[in-house]
Amino acid sequence: ALAVLPEPEAISPERQLVILQALQEVDAMLDALPAKVRAVFILSQIDGLTYAEIAQVLGVGLRSVKRYMAQAMAECILLAD
């Protein structure tokens, strides 16, 4: 995707490396989460689903979704340090 950007908007190779490294760190953080917690986080933050929609997709209660999301956020904060 970066290669097809017009020249003035193209990102330097150094910046591309920084972005790639950041994405790898995020992937490692997500991989460290329990499966349900990771699924809730991705469905919320990447797919943009509401907690109610996530509960329906995963077949869990709304309270569980909230608990999993809180756990995901806490873990990401701890892993970011």
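The values are calculated or read from the model by the stated rules, or taken from the named source; none is laboratory data. Keep in mind that this is a model prediction, so the values were computed, not measured. Positions of Cβ are generated from backbone atoms using ideal geometry, with glycine treated the same way; all protein chains shown enter the neighbour counts. Heavy atoms of the whole protein, side chains included, go into the accessibility calculation; ligands, DNA and RNA do not. Shrake-Rupley method; radii C 1.70, N 1.55, O 1.52, S 1.80 Å.
Return the FRET efficiency for the residue pair I77, V4: r is the Cβ-Cβ distance, R0 is 41 Å, and the value is rounded to the nearest 0.05. If you can, show how the numbers build up before the last one.
Values: r = 35 Å, r/R0 = 0.86.
That pair, I77 with V4, gives E of 0.70.
Which whole-number value in Å² is the accessible area per residue of the chain, probe 1.4 Å?
So the chain comes to 73 Å² accessible per residue, rounded to a whole number.
Along the charge dipole of the range 12-81, pointing to its positive end and built from +1/-1 on Cβ of Lys, Arg, Asp and Glu, which listed residue (M69, I19, A55) has its Cα farthest out?
Going by the Cα projections, it comes out as A55.
When the dipole is taken about the Cα centre of the chain, and only Lys, Arg (+1) and Asp, Glu (-1) are charged at their Cβ, what size is it in debye, to the nearest 20?
For this selection, approximately 560 debye.
At a Förster radius of 22 Å, what calculated FRET efficiency corresponds to the Cβ-Cβ distance of R67 and D31, to the nearest 0.05?
With R0 = 22 Å, the Cβ-Cβ based efficiency is 0.60.
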